[in-house]
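Enquirer: Dumping the structure here so I can ask a few things about it.
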């Protein structure tokens, strides 16, 4: 599926070795960002609800940002469904421990920010990212596949990249995502205000 507004997907995943090396480099870079206090968790978008074109609704439960201004803005939407997780308590546990998964994305080249969305009515989780460069966004997802496949239904792991647009503009204007699959096309966006804290504050 290719349109004027949606970047064409590349190969589904990197080779196992390339994916593991990329994830390892990401973990090292993420640790450096945390040490230098360049990763943040603003609270302003927590509670922000988005209704998607597939009829589902999900809510932001965490945001991660870094001190990086993109030269080639790109919005990236990744979705997956956890394998064998159906009870609310298990979803709550996943949301709690998922902060540890920051090492799987924050250190990738081009990362700017991520909105973490709760599972929707069908059990699908989404991450909506600001990324710097479509090629870098695709490279991230191709490596991430190897981490997601451990806990997810493999056929549920999908992504769409929308070049030339920042994340918030994408969420506010449904016409920007014309041509994207229904699960990655927002229809209604309900923001919520809050506060800011630095990742790792609770560990000091």
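FYI, it's all coordinate maths here, none of it is from the lab. This is a predicted model, so every value here is computed, not measured. Here the Cβ is made from the backbone with ideal geometry for all residues, glycine too, and neighbour counts use every protein chain on show.
Enquirer: From the Cα gyration tensor of the chain, with a ≥ b ≥ c the square roots of its eigenvalues, which class applies: rounded if a/c is under 1.5, or else prolate if a/b is larger than b/c, or else oblate? Spell out each step's value before the answer.
Expert: Values: a/c = 1.17, a/b = 1.10, b/c = 1.07.
Rounded, because the longest to shortest axis ratio a/c is under 1.5.
Enquirer: By per-residue mean of other Cβ atoms within 10 Å, what is the highest-first order of 62-69, 157-164? All intermediate terms of the calculation are to be shown ahead of the outcome.
Expert: Working: 62-69: 16.8, 157-164: 20.9.
Averaged packing, sorted descending, gives the order 157-164, 62-69.
Enquirer: Which of the peptides 117-125, 72-80, 92-100 is most tightly packed, and how do the rest follow, going by the mean number of other Cβ atoms within 10 Å of each residue? The partial results should precede the final answer.
Expert: Details: 117-125: 18.7, 72-80: 23.7, 92-100: 12.3.
Listed from highest to lowest mean packing, they are 72-80, 117-125, 92-100.
Enquirer: On to the next question. Tell me whether the stretch 117-162 comes out rounded, prolate or oblate; compute the Cα gyration tensor, take square roots of the eigenvalues as a ≥ b ≥ c, and use a/c under 1.5 as the rounded threshold.
Expert: Values: a/c = 2.54, a/b = 1.40, b/c = 1.81.
Since a/c reaches 1.5 but b/c is at least a/b, the shape of the stretch 117-162 is classed as oblate.
Enquirer: Okay, moving on. For the pair residue 72/residue 49, report the inter-label distance in nm, with labels modelled 7 Å from Cα in the Cβ direction.
Expert: 3.8
Enquirer: Grab the beta carbon distance between residue 150 and residue 188, set R0 = 35 Å, and tell me the FRET efficiency rounded to 0.05. Each step should come with its number before you reach the end.
Expert: Numbers: r = 33 Å, r/R0 = 0.94.
So the FRET efficiency works out to roughly 0.60.
Enquirer: Using Cα pairs under 8 angstrom and six or more residues apart, how large is the relative contact order of the stretch 16-192, in percent?
Expert: Details: 355 pairs, mean separation 58.1, N = 177.
Relative contact order, the stretch 16-192: 33 percent.
Enquirer: Also, quick follow-up: Between residue 122 and residue 99, take the C-beta separation as r, use R0 = 22 Å, and let me know the FRET efficiency to the nearest 0.05. Intermediate results must be reported in sequence, preceding the final value.
Expert: Numbers: r = 24 Å, r/R0 = 1.08.
Computed FRET efficiency for residue 122 and residue 99: 0.40.
Enquirer: With the radius of gyration and the Kirkwood radius both derived from the Cα set of the stretch 32-110, what is their ratio Rg to Rh?
Expert: Reported Rg/Rh (Cα atoms, Kirkwood Rh): 0.98.
Enquirer: How long is the gain from residue 15 to residue 89 if the chain were fully straight, where each residue apart is worth 0.36 nm and the alpha carbon distance is subtracted? Numbers along the way, then the final one.
Expert: Values: separation 74, 0.36 × 74 = 26.64 nm, distance 3.44 nm.
Stretched out fully, the residue 15 to residue 89 stretch lengthens by 23.2 nm.
Enquirer: Under 10 Å, Cα contacts only: if you run a Gaussian network model on the chain, which one of 190, 86, 138 comes out with the highest mean-square fluctuation?
Expert: It is 86.
Enquirer: So if each residue of separation counts as 0.36 nm, and I subtract the Cα-Cα distance between residue 175 and residue 31, what length gain in nm does that give?
Expert: 48.1 nm
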